[in-house]
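**Student:** Have a look at this one before I ask anything.
The values are calculated or read from the model by the stated rules, or taken from the named source; none is laboratory data. Because the structure is a prediction, the values reported are computed rather than measured. Cβ atoms come from the backbone with ideal geometry, glycine included; neighbour counts cover every protein chain shown.
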Amino acid sequence: MQALALAPAGDDRLLGGSILDVMSHQATFAGRYTEAATLARAALAGTRGLATPTLPAHYHAMEARALARLHDTKACGHALLETMSAFERTNPQDDPPWFQYFNESEVAAEFGQCMRDLGRPADAIQHAQSALGTTGEFVRSDFFVSLVLADAHLAAGDIDQACSVVLHALTDFREHAVGG
């Protein structure tokens with residue numbers, strides 16, 4: 001809250017939007033889904049006209065994630081459509097350096113999480129697998145999306161595949177963390 005209060009003092013609406021975005025993410029982790037959706041919408045409203053398209057894409061994705069946890073299929077679907085609409089207009093060279101990680105893989109991961117939370121394991125598997133089809137540049141993100149993939153396999157009744165995905169994720173993460 002202190003950081004959010006400092007953003008207007010520095011006349012930095014993008015910083016304020018980024019703080020609200022992170023607060024939305026954390027509220028979802030804490031199980032405060034309605035608050036998370038509201039924070040994501042506030043980030044969007046506060047940066048309208050200033051943000052590159054990538055930022056609103058992420059704000060919509062955070063809203064979708066919260067709405068999926070609330071099992072609001074219609075509103076989540078709308079937020080995901082808005083995510084894609086904004087993301088299709090992105091130009092990574094225009095994004096701030098601290099936000100260039102939000103790429104096609106990250107969008108697919110967000111879709112995978114939403115599909116998992118909406119009880120659509122086949123769609124979650126498809127999106128999570130798409131998110132993992134990258135260069136491995138973001139090991140931590142790959143680890144988390146692997147857990148989404150494993151959870152979706154478990155929900156689909158494929159325990160062996162779920163275990164295999166988790167084992168692979170742990171092995172990859174350990175190799176990168178230890179350095180080979």
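**Student:** Here is a check on your reading of the model: is residue 104 under 25 Å from residue 151 (Cα atoms), charged (D, E, K, R) and surrounded by fewer than 18 Cβ atoms within 10 Å (Cβ to Cβ)? Break it down stepwise before answering.
**Tutor:** Working: under 25 Å from residue 151 (Cα atoms): yes; charged (D, E, K, R): yes; surrounded by fewer than 18 Cβ atoms within 10 Å (Cβ to Cβ): yes.
So residue 104 fits the description; yes.
**Student:** Additional query: Six or more apart or on different chains, Cβ under 6 Å: which pairs go from a residue in segment 154-169 that's more than 18 Å from residue 117 (Cβ to Cβ) to one that's among the hydroxyl-bearing types (Ser, Thr, Tyr) and assigned to a helix (DSSP H, G or I)? Could you list them?
**Tutor:** Close Cβ pairs (under 6 Å, with a partner that is among the hydroxyl-bearing types (Ser, Thr, Tyr) and assigned to a helix (DSSP H, G or I)) amount to 169/146.
**Student:** Quick one: what pairs do we get from segment 50-62, first residue assigned by TED's automatic domain parsing to the domain that holds residue 39 and in contact (Cβ under 8 Å) with a residue 12 or more places away in the chain, second aromatic (Phe, Trp, Tyr) and not in a helix (DSSP H, G or I), C-beta under 6 Å, 6+ apart or different chains?
**Tutor:** Close Cβ pairs satisfying both conditions: 54/102; 58/102.
**Student:** Every residue in segment 134-146 that is in a helix (DSSP H, G or I) and among the hydroxyl-bearing types (Ser, Thr, Tyr), please.
**Tutor:** If the condition is that a residue be in a helix (DSSP H, G or I) and among the hydroxyl-bearing types (Ser, Thr, Tyr), then 141, 146 are the ones that fit.
**Student:** Still on this model: Among the residues of segment 154-177, are any touching a Phe, Trp or Tyr at 6+ places or on another chain (Cβ under 9 Å), under 27 Å from residue 52 (Cα atoms), part of a helix (DSSP H, G or I) and not β-branched (Val, Ile, Thr)?
**Tutor:** no
**Student:** Looking at (1) out of contact with any Gly (no Cβ under 9 Å at 6 or more places or on another chain); (2) among the small types (Gly, Ala, Ser); (3) buried (at least 20 other Cβ atoms within 10 Å of the Cβ), which is the only condition residue 17 fails?
**Tutor:** (1)
**Student:** Condition (residue is within 21 Å of residue 31 (Cα to Cα), of a type in the set (Ser, Thr, Tyr) and not assigned by TED's automatic domain parsing to the domain that holds residue 44) applied to segment 163-172: is it met by at least one residue?
**Tutor:** Looking through segment 163-172, none of the residues is within 21 Å of residue 31 (Cα to Cα), of a type in the set (Ser, Thr, Tyr) and not assigned by TED's automatic domain parsing to the domain that holds residue 44.
**Student:** One residue is enough: does segment 156-163 have a residue meeting the conditions surrounded by 14 or more Cβ atoms within 10 Å (Cβ to Cβ) and under 13 Å from the mean Cα position of the chain (by Cα)?
**Tutor:** Going residue by residue through segment 156-163, those that are surrounded by 14 or more Cβ atoms within 10 Å (Cβ to Cβ) are 156, 158, 161-162.
So of that shortlist, the ones also under 13 Å from the mean Cα position of the chain (by Cα) come out as none.
Within segment 156-163, none of the residues are surrounded by 14 or more Cβ atoms within 10 Å (Cβ to Cβ) and under 13 Å from the mean Cα position of the chain (by Cα).
**Student:** Could you please let me know if residue 35 is outside any loop (DSSP other than H, G, I, E, B) and within 25 Å of residue 123 (Cα to Cα)?
**Tutor:** Judged against the criteria, residue 35 is not a match.
**Student:** Also, I was wondering about something else. In segment 126-138, is there at least one residue being within 26 Å of residue 15 (Cα to Cα) and either of a type in the set (Asp, Glu) or free of Cβ contacts under 8 Å to residues at least 60 places away in the same chain (or both)?
**Tutor:** Yes: one or more hits.
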